[in-house]
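Structure first, commentary second.
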Amino acid sequence: MINVAEWLIPGLWLAWAVFWLKSSYGVKRVVRRESALSRAAHFVPLGVAGVLLSVKSIPGWLGERWIAQSWAVFMVGVALVVVGLLFSVWARITLGGN
């Protein structure tokens, strides 16, 4: 049986990614491109954050919990993810093809 709690947040992010990819068609072309070094300055920390979030056990102080694990805390986290993703969807729709 599928554990809903384990797949809820990744499922929300996957649905958002599908929307984002689908809505990216038909937008205006960029006027100028970012340099490779500037782009790496954004994507390297993002990649490190993704690895840290996906690893099950992180040694040292980064792996320690500072909030007790409970359904209430989980649901607050889910609510924050939903609000953040809905805000970005609203922004994408509002800004349209820009």
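Based on alpha carbons, the Rg and Dmax found for the chain are 17.3, 49 Å. Of the trypsin sites (Lys or Arg not before Pro) in the range 30-67, the ones in a loop by DSSP (not H, G, I, E or B) with at most 16 other beta carbons within 10 Å are R32, R33, K56, R65. Taking the charge dipole of the chain about its Cα centre, with +1 at Lys and Arg Cβ atoms and -1 at Asp and Glu Cβ atoms, the residue from W90, L14, V55 reaching farthest to the positive side is W90.
Per-residue extension of 0.36 nm, minus the Cα-Cα distance of A5 and I93, leaves a gain of 28.8 nm for this segment.
Taken together, the values in this text are just the output of simple stated rules run on the coordinates, not laboratory data. Please read all numbers here as calculations on a predicted model, not as lab measurements. FYI the Cβ positions are ideal-geometry reconstructions off the backbone, even for glycines, and counts take in every protein chain you see.
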